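Trainee: Below are the structure tokens for one structure; questions will follow.
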Amino acid sequence: MQQDGANNTNFGRIVVLPATFAGSPYHMNQLYQDSMALVRKFGKPDLFITMTCNPNWPKILHELRPGEEANDRPDLTSRVFNMKLNALLKNLLQNGVLGTAVADIHVVEWQKRGLPHGHILIILRSQDKPSDNNDYDRIMCAELPDKSTHPELYNIVTSRMLHGPCRALHPSCPCMVNGACSKGYPKIFQPQTKDSTGNYPTYRRRDDGSTFTHPT
Ligand SMILES: [Zn+2]
């Protein structure tokens, strides 16, 4: 006997996307299992690198039509991002600029309808693994680049990579919790990187007089 609501034969068909369909649950699960297998064989990753699409890259700006912003053109931003991501991966994996990689994993994600960004995990061969604070400082830097010797880098860092302003200058900044910056900014000056075991290292931030003032 057929009851109301008990007949679901008209609700379409179940389609199971195979692992060969990029982005399907089976595909993602396979990638996850592969990643875990890499860690079992080679150990934990040494480098976690994030690359974000910059909506002001000239290659993007040149192709926008009047009135368009980068957010309006996922076809364009994803292509330019992919080219630049491949160039970065070539430097990291083929040219070994941060050491010789024995295994790597990367994924590209989108922030809602926003811009693509890539997360890259790299496992280095044993002799290239960062082991002390000098190794950390060789690989990464949390200081302002020198404005006179590296003006382009200085401009990129100060326009894209600084936290804030928050605290008294911008109390409604999303980082503010109970009147304090939840990310711990401004960081204290630190003559040398300190490895805080089980936590993030406290990176070198020398008090060398270099400053940057946010344009108002
Ligand atoms: Zn903050």
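Quick grid of which residues meet (1) more than 23 Å from residue 159 (Cα to Cα); (2) polar (S, T, N, Q):
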position	(1), (2)
50	no, yes
54	no, yes
59	no, no
62	no, no
70	no, no
77	no, yes
84	no, no
88	no, no
92	yes, no
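Trainee: Identify all residues within segment 179-198 that are in a strand (DSSP E or B) and either basic (Lys, Arg) or away from the ligand (no atom under 16 Å from the Cβ) (or both); write none if there are none. It would help to see each step written out before you state the result.
Mentor: First, pick out the residues of segment 179-198 that are in a strand (DSSP E or B): 180-181, 190, 194.
Listed by number, the residues that qualify are 190, 194.
Trainee: Quick one: is residue 121 within 28 Å of residue 55 (Cβ to Cβ), of a type in the set (A, V, I, L, M) and within 16 Å of the ligand (Cβ to nearest atom)? Talk me through it step by step, then tell me what you get.
Mentor: Values: within 28 Å of residue 55 (Cβ to Cβ): yes; of a type in the set (A, V, I, L, M): yes; within 16 Å of the ligand (Cβ to nearest atom): no.
For residue 121, the condition - within 28 Å of residue 55 (Cβ to Cβ), of a type in the set (A, V, I, L, M) and within 16 Å of the ligand (Cβ to nearest atom) - is not met.
Trainee: Restricting to segment 134-178, name every residue that is over 19 Å from the mean Cα position of the chain (by Cα), within 16 Å of the ligand (Cβ to nearest atom) and surrounded by 12 or more Cβ atoms within 10 Å (Cβ to Cβ).
Mentor: 165, 166, 167, 170, 173, 176
Quick grid of which residues meet (1) more than 23 Å from residue 123 (Cβ to Cβ); (2) modelled with pLDDT of 95 or more; (3) acidic (Asp, Glu):
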site	(1), (2), (3)
23	yes, no, no
31	no, no, no
40	no, yes, no
54	yes, no, no
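Trainee: Examine segment 97-119 for a residue that is among the hydroxyl-bearing types (Ser, Thr, Tyr), in contact (Cβ under 8 Å) with a residue 60 or more places away in the chain and closer than 18 Å to residue 139 by Cβ, and state whether such a residue exists.
Mentor: Scanning segment 97-119 turns up no residue that is among the hydroxyl-bearing types (Ser, Thr, Tyr), in contact (Cβ under 8 Å) with a residue 60 or more places away in the chain and closer than 18 Å to residue 139 by Cβ.
Trainee: Going through segment 196-216 one residue at a time, which ones are surrounded by 14 or more Cβ atoms within 10 Å (Cβ to Cβ) and among the charged types (D, E, K, R)?
Mentor: The first filter runs over segment 196-216 and keeps only residues surrounded by 14 or more Cβ atoms within 10 Å (Cβ to Cβ), leaving 201-205.
Answer for segment 196-216, where residues must be surrounded by 14 or more Cβ atoms within 10 Å (Cβ to Cβ) and among the charged types (D, E, K, R): 204, 205.
Trainee: List the pairs whose first member sits in segment 154-165 and is on the phi > 0 side of the Ramachandran plot, whose second member is part of a loop (DSSP other than H, G, I, E, B) and within 10 Å of the ligand (Cβ to nearest atom), and whose Cβ atoms are under 8 Å apart, counting only residues at least 6 apart or on separate chains?
Mentor: Within 8 Å, the pairs are 164/170; 164/173; 164/175; 164/185; 164/186.
Trainee: While we're on this one: Does residue 165 fit the bill of being at pLDDT below 90, of a type outside the set (Asp, Glu) and farther than 15 Å from residue 51 by Cα?
Mentor: Values: at pLDDT below 90: yes; of a type outside the set (Asp, Glu): yes; farther than 15 Å from residue 51 by Cα: yes.
Yes, satisfied.
Trainee: Identify the single condition in (1) within 16 Å of the ligand (Cβ to nearest atom); (2) closer than 30 Å to residue 43 by Cα; (3) of a type in the set (Val, Ile, Thr) that residue 107 does not satisfy, given that it satisfies every other one.
Mentor: The failed condition is (1).
Trainee: When both residues are 6+ apart or on different chains and their Cβ atoms are under 8 Å apart, which pairs have a first residue that lies in segment 180-205 and is without any contact (Cβ under 8 Å) to a residue 40 or more places away in the chain, and a second that is aromatic (Phe, Trp, Tyr) and away from the ligand (no atom under 16 Å from the Cβ)?
Mentor: 190/203
The values are calculated or read from the model by the stated rules, or taken from the named source; none is laboratory data. The shown structure was predicted, so the numbers you read here are calculated from the model rather than taken from an experiment. We place every Cβ from the backbone using ideal geometry, glycine too, and count neighbours over all the protein chains shown.
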